[in-house]
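K.L.:
Pasting a structure here, questions to come.
The values are calculated or read from the model by the stated rules, or taken from the named source; none is laboratory data. This is a predicted model, so every value here is computed, not measured. Positions of Cβ are generated from backbone atoms using ideal geometry, with glycine treated the same way; all protein chains shown enter the neighbour counts.
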Amino acid sequence: MKTVTVKPVTAISLTAAHLSLGAVGMFLVLLALLHLIEREFDLSWRFMSEYALGSYGWVMVLGFFALALSCAALFAAIRSHISTLGGKIGLGILLVVAVAMVMAGLFPQDPVTAKPDELTTQGNLHALAAMVGIPGFAFAAVLISLSLVRHPAWASARRLLFWTAHFYWIALAAMFVYLGVAVPHAGGFGPDVYAGWFNRLVVLAQCAWLIATAWHAAQLSRPTA
């Protein structure tokens, strides 16, 4: 049976883990702030990305960049503990997700109420970023988690990694199923389609996995006496 070697952690890993935690924490603070200052967007049915269209759109842009930074920093924090092919693929996808987050910040979403002839190039680019980044994160989280739990140093985090990774894709699948039924029934997006709640659940699930993984990486990277 192949033995999984424990590679030494470095100061870079510790810094990257802390940076990932700080960035996802900043994102959550910014998102909470947007819910208070941009009340024109009903959070029950308007997508989180639409905050970029409001008077404080730059706050949402910073939020996207913070989430991208969290993903990229986590890549640096855990790459030395990834030994499987699947895990390395997951790391690659995580970087793609980070790029997609930057792209989502640079190109604002069109209003969810926009008709086909009202869609803009920026909105289409945002949609492309979402189509890559949102499902891509599900693959990255699962593949990375499956690889990390093979590492002896991550044994104590096995259950938390699995729960948070699976929580994300389950929340995402639930959103897709709900929208697939609710949107045609309502004749489009509107107050009767609670897309906003599902969207925010998916985002919180994403943050939960980032926090759980970065937190354990930070604990492993602390120098021992």
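K.L.:
State the number of residues belonging to region 189-211 that are hydroxyl-bearing (Ser, Thr, Tyr) and either touching a helix residue (DSSP H, G or I) at 6+ places or on another chain (Cβ under 7 Å) or at positive phi (or both).
P.N.:
Taking region 189-211 first, the residues hydroxyl-bearing (Ser, Thr, Tyr) are 194.
Those left that are additionally either touching a helix residue (DSSP H, G or I) at 6+ places or on another chain (Cβ under 7 Å) or at positive phi (or both): none.
Count: 0.
K.L.:
To continue, here is another question. Given the condition within 20 Å of the chain's Cα centre (by Cα) and assigned to a loop (DSSP other than H, G, I, E, B), answer yes or no: does some residue in region 126-143 qualify?
P.N.:
Residues of region 126-143 that are within 20 Å of the chain's Cα centre (by Cα), as a first pass: 126-143.
The next check asks that each one be assigned to a loop (DSSP other than H, G, I, E, B); those that pass are none.
Within region 126-143 (the criterion being within 20 Å of the chain's Cα centre (by Cα) and assigned to a loop (DSSP other than H, G, I, E, B)), the answer is no, since none of the residues qualifies.
K.L.:
Sticking with this structure for a sec: Using beta carbons and a limit of 9 Å, which pairs, at least six apart or on different chains, have the first residue in region 77-91 and without any contact (Cβ under 8 Å) to a residue 60 or more places away in the chain and of a type in the set (Val, Ile, Thr) and the second one in a helix (DSSP H, G or I) and buried (at least 20 other Cβ atoms within 10 Å of the Cβ)?
P.N.:
Taking only residues 6 or more apart or on different chains, the pairs are Ile89/Ala140; Ile89/Leu143.
K.L.:
I want to confirm something. Restricting to region 97-121 and keeping residues that are touching an Asp or Glu at 6+ places or on another chain (Cβ under 8 Å) and among the charged types (D, E, K, R), which single residue is surrounded by the fewest Cβ atoms within 10 Å (Cβ to Cβ)? Before you say what the answer is, go through the steps one by one.
P.N.:
First pass over region 97-121, keeping only residues touching an Asp or Glu at 6+ places or on another chain (Cβ under 8 Å): 109-112, 118-120.
Subset that is among the charged types (D, E, K, R): 110, 118.
Details: Asp110: 20, Glu118: 10.
Step by step, filter region 97-121, then rank; the result is Glu118.
K.L.:
Could you list, in sequence order, the residues of region 108-147 that are over 20 Å from Ala195 (Cβ atoms) and touching a Leu at 6+ places or on another chain (Cβ under 6 Å)?
P.N.:
Ala140, Ser145
K.L.:
Being over 22 Å from the mean Cα position of the chain (by Cα) and surrounded by fewer than 14 Cβ atoms within 10 Å (Cβ to Cβ) is the requirement here; does His151 meet it? Explain how you work it out, then say what you get.
P.N.:
Numbers: over 22 Å from the mean Cα position of the chain (by Cα): yes; surrounded by fewer than 14 Cβ atoms within 10 Å (Cβ to Cβ): no.
Considered against the rule, which asks whether it is over 22 Å from the mean Cα position of the chain (by Cα) and surrounded by fewer than 14 Cβ atoms within 10 Å (Cβ to Cβ), His151 comes out as no.
K.L.:
Need pairs with beta-carbon distance below 7 Å; first residue surrounded by fewer than 20 Cβ atoms within 10 Å (Cβ to Cβ) and within region 21-39, second at pLDDT 95 or above and assigned to a helix (DSSP H, G or I); sequence gap 6+ or separate chains.
P.N.:
As it stands, the answer is Met26/Ala66; Leu28/Cys207; Leu33/Val59, since those pairs meet every condition given.
K.L.:
Buried (at least 19 other Cβ atoms within 10 Å of the Cβ) and either in a helix (DSSP H, G or I) or at pLDDT below 95 (or both), is that true of Trp163? Step through it out loud before you land on a result.
P.N.:
Working: buried (at least 19 other Cβ atoms within 10 Å of the Cβ): no; either in a helix (DSSP H, G or I) or at pLDDT below 95 (or both): yes.
When the stated conditions are applied, Trp163 does not pass them.
K.L.:
Taking only region 40-70 into account, find how many residues are touching a Ser or Thr at 6+ places or on another chain (Cβ under 9 Å), surrounded by fewer than 16 Cβ atoms within 10 Å (Cβ to Cβ) and among the polar types (S, T, N, Q).
P.N.:
0
K.L.:
Just one of the numbered conditions (1) touching a Ser or Thr at 6+ places or on another chain (Cβ under 8 Å); (2) surrounded by fewer than 14 Cβ atoms within 10 Å (Cβ to Cβ); (3) within 24 Å of Gly86 (Cβ to Cβ) is not true of Gly188; which one?
P.N.:
(3)
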